[in-house]
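Notes to accompany the following structure.
The values are calculated or read from the model by the stated rules, or taken from the named source; none is laboratory data. Not measured: the values here are computed from a predicted model. Glycine gets a Cβ as well: all are built from the backbone with ideal geometry, and neighbour counts include every protein chain shown.
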Amino acid sequence: NQITTDMATLTREVEKFAKDKKLEIETLKIRETYRKEFMGNVSHELKTPLFTVQGYILTLLDGAMKDKAVRKKYLQRASKGVERLIYIVKDLDMITKLETGDLHLHMENFNIVELIQNSFDLLEMKAAKKDITLTFDIDYQTPIWVYADKERIQQVITNLVVNSIKYGKKSGTTEISIENLIKNKVIIRVTDNGEGIEKANIPRLFERFYRVDKSGSRKEGGSGLGLSIVKHIIEAHNEKIYVESVFGVGSEFSFTLEKSKDIPQIKAGGKVE
Ligand code: ADP
């Protein structure tokens, strides 16, 4: 009887060991597929600007260098290509840090109204090129204090506003608004009246390297990583991000943040909340 019991225990242990090993192998296989896919995407993203830069350099070496005007034009284009490469590499670096958990948040209390105002100032020129108006539906004099990583939230806002410009219609508008939510939270919305996104594409928007219109957005010079970075940053804060879009009408990206507990919030008109 003792032998039967021992055998049963042994069999169970062997089975458990095999199951654990199988799981481990499955995990390794998934990681390997993920790594291969990532590397494939990275080289694909880098290839286009690299070939562009090489093309201009080769044309210059081939004789185009002699003409001063042509030389300047080609060097400017090559420089734009390098700029794009730097932009992609920075995004790649960021996504790697976010996905491996190497990016630590520096949480602090700051005025989100001021941060949005600063982001708008930096992006005004970009918007003006498409005659897009940036509007901020808020009383500038009333600070709204939030507790988050300021630099990362600035990046979130920049990425969302840049997208609204890139995929916005000429002479359109981008509007940011802030609304109080229950449980000491605010929701920040970035709304545009641009090209919008078809329903079927919405669930995949936050995936790495995903683009709705492959050729269109490449022309716009993105890395396909912007929204994925945004989602990681918001989730690292334990907050939520939402998207609503109607094809041909416009899109709204919104995310929540926690209000500061330590600083009294002033309501419009100077009353303390
Ligand atoms: P990209 O570098 O291509 O802009 P993102 O990750 O920022 O990459 O966005 C992924 C895709 O989502 C874009 O290629 C575009 O097709 C779509 N998209 C993002 N923001 C908007 C927007 N405001 N309006 C319409 N489409 C958008």
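Structural remarks
- Taken over the stretch 89-119, the criterion of being buried (at least 17 other Cβ atoms within 10 Å of the Cβ) and either more than 30 Å from Y34 (Cβ to Cβ) or over 17 Å from the mean Cα position of the chain (by Cα) (or both) is satisfied by F110, I112, V113, L115, I116, S119.
- Condition met for E179 (more than 10 Å from the ligand (Cβ to nearest atom), among the acidic types (D, E), in a strand (DSSP E or B) and surrounded by fewer than 19 Cβ atoms within 10 Å (Cβ to Cβ)): yes
- Any chance G216 is under 14 Å from the mean Cα position of the chain (by Cα), modelled with pLDDT under 95, small (G, A, S) and within 8 Å of the ligand (Cβ to nearest atom): no
- Test: residue in the stretch 148-155 that is part of a helix (DSSP H, G or I), free of Cβ contacts under 8 Å to residues at least 60 places away in the same chain, within 15 Å of the ligand (Cβ to nearest atom) and among the polar types (S, T, N, Q): no
- Residue match in the stretch 201-208 (condition: among the aliphatic types (A, V, I, L, M), more than 6 Å from the ligand (Cβ to nearest atom), farther than 24 Å from S260 by Cβ and surrounded by fewer than 14 Cβ atoms within 10 Å (Cβ to Cβ)): no
- Residue within the stretch 1-9 that is touching a helix residue (DSSP H, G or I) at 6+ places or on another chain (Cβ under 6 Å) and surrounded by 10 or more Cβ atoms within 10 Å (Cβ to Cβ) present: no
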